[in-house]
Amino acid sequence: MNKTPVIQSSFAQEFAQALLLEQVRFTQQQLLSPENNTYIKQFVHQVYHHSNKIVLKDIIQLEQLQQVVQKYAFELNLGAEILEFIGVVAQKIHRYAIHSQTQLNDLLSDESFELWLFKILELEQVRHYIQQNLQDNPQIQQLSLQIANQILENNTPWLDHLRKMNLKPHGLSAKVLGFIQDQQQFIELKLEQQLAQVFIKQIGNIILLPNEELAEISLHLWSDIKHRTLKETFSQFQSIDFEEFFILVYETWKELRQTEYMQQLILSVVDGFYEYFGEYTLQELLHSVGLNEDDLLIEALRFMPYSLAALNEHGLLNDMIKSLIAPFYMNEQTHQFIENYLAEKA
């Protein structure tokens, strides 16, 4: 009399195990189906269909979004492998460019150049600010002095001998030469200062030229360079220059992102995004970036079948499906349900 419950319990466990194996087999077969891809299509359809009923703010809180941005924008650091990859890619870009006959005009049309040009020229207040900063900025003044010094040295080689001439410290000739050299240095310093001021003044005058004149100058320069090929342009640089440029951009960003101003600026953009799109449904968000159900399905079918086939080839797909559904079939409540059901039907 006591054997019946034990037999039913054992049968329930075996039956649950059989159902588990059959569902794993069926699910695996459906996922790998090269003809229908039923699961993938149904999944995409259900996601898209129900996305019209889900509002962004209902599934994502502002605090959660801010935490994600803080982690990946402020804290995440690229590993050595990624930095090395950036260097490799930079070299590939350089190699590709130095063999390309693509012209600058192919990348930036005359119409686009003019749109950018006239938009920049509209920022007259910015140009006034730059012009004023040129006059008052000590770094710019120092740079101008360095340029003036290089110009004088490069264009007065006949004075170089006099600059370096050295006589015995005693005697009339030495005193005369010392006096001349002192005067020469004084005169050159004055010339450098005057030349540096001329540079700054002329640059300031150019910046404040009427829009029509600046536009004419810019268009003339563009007409001179727009037919240059990438090969001509990029051949002036070494691949290491490109590599160092990209690494420098990343290192600068790492430093910049730690400033309070930049962090607050990025978070304010996140706040603005959430405030603007918070009431949008997920489907409306997809439409706002130009995506619909067909686009989602095309991309899903582009990647998922290949990925699923690779997982199956390595013997992983079966275990992944089993790990998702096995807890139900191994649960004692499931076994009890089967026992009760069998008892009712007996």
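Hydropathy at least -0.5 by Kyte-Doolittle, axial extent at least 24 angstrom from the Cα trace: which helices of the chain, defined as entire DSSP H runs, fit?
Span-like helices in the chain: 3-32, 80-97, 138-155, 172-207, 239-256, 260-277, 293-313.
Stretched out fully, how many nm does the piece from Y280 to N149 gain, at 0.36 nm a residue minus the Cα gap?
Contour length minus the Cα-Cα distance gives 41.0 nm.
Would you mind telling me the share, in percent, of accessible area of the chain contributed by carbon and sulfur at probe 1.4 angstrom?
60 percent
Taking 0.36 nm per intervening residue step and subtracting the Cα-Cα distance, what contour gain separates K41 from H314 on full extension?
95.9 nm
So which of K71/K254; K57/K254; K92/K231 end up more than 22 Å apart, counting from Cα to Cα?
Cα-Cα > 22 Å for K57/K254; rest within.
What does the charge add up to near Y48, with Lys and Arg as +1, Asp and Glu as -1, over the other residues with Cβ less than 15 Å from its Cβ?
Around Y48, the charge tally is -3.
Using DSSP to define loop residues, name the trypsin sites (Lys or Arg not before Pro) in region 52-153 whose beta-carbon has at most 12 other beta-carbon atoms within 10 Å.
none
Around Y250, under 13 Å between beta carbons, what's the net of Lys plus Arg minus Asp minus Glu among the other residues?
-3
Say each of S10 and T233 gets a label point 7 Å from the Cα, pointing the same way as Cα to Cβ; how far apart are those two points in nm?
Spacing of the two 7 Å Cα→Cβ label points: 8.1 nm.
Could you work out the relative contact order of the chain, using alpha carbon pairs under 8 angstrom and six or more residues apart, expressed as a whole percent?
45 percent
Given a Förster distance of 35 Å, report the FRET efficiency between D106 and V69 from their Cβ-Cβ distance, rounded to the nearest 0.05.
About 0.45, to the nearest 0.05.
Distance between Cα centroids, region 261-337 to region 19-71: provide it in whole Å.
Answer, in whole Å: 5.
Heavy-atom accessible area per residue, the chain, 1.4 Å probe: how many Å²?
About 74 Å² of surface per residue is accessible.
Let me know the charge dipole size of the chain about its Cα centre in debye, to the nearest 20, where only the beta-carbon of Lys, Arg (+1) and Asp, Glu (-1) is charged.
Magnitude of the dipole: close to 980 debye.
Just to confirm a number: summing +1 for Lys and Arg and -1 for Asp and Glu over residues other than H128 whose beta-carbon lies under 14 angstrom from that of H128, what do you get?
My count for the surroundings of H128 gives -2.
Put a dot 7 Å past each Cα toward the Cβ at Q202 and Y306; how far apart are the dots in nm?
It works out to 5.7 nm between the two label points.
The values are calculated or read from the model by the stated rules, or taken from the named source; none is laboratory data. Just so it is clear, the model here is predicted, and its values are computed rather than measured. FYI the Cβ positions are ideal-geometry reconstructions off the backbone, even for glycines, and counts take in every protein chain you see. Keep in mind that these areas ignore ligands, DNA and RNA; they rest on the heavy atoms of the full protein, side chains included. Shrake-Rupley method; radii C 1.70, N 1.55, O 1.52, S 1.80 Å.
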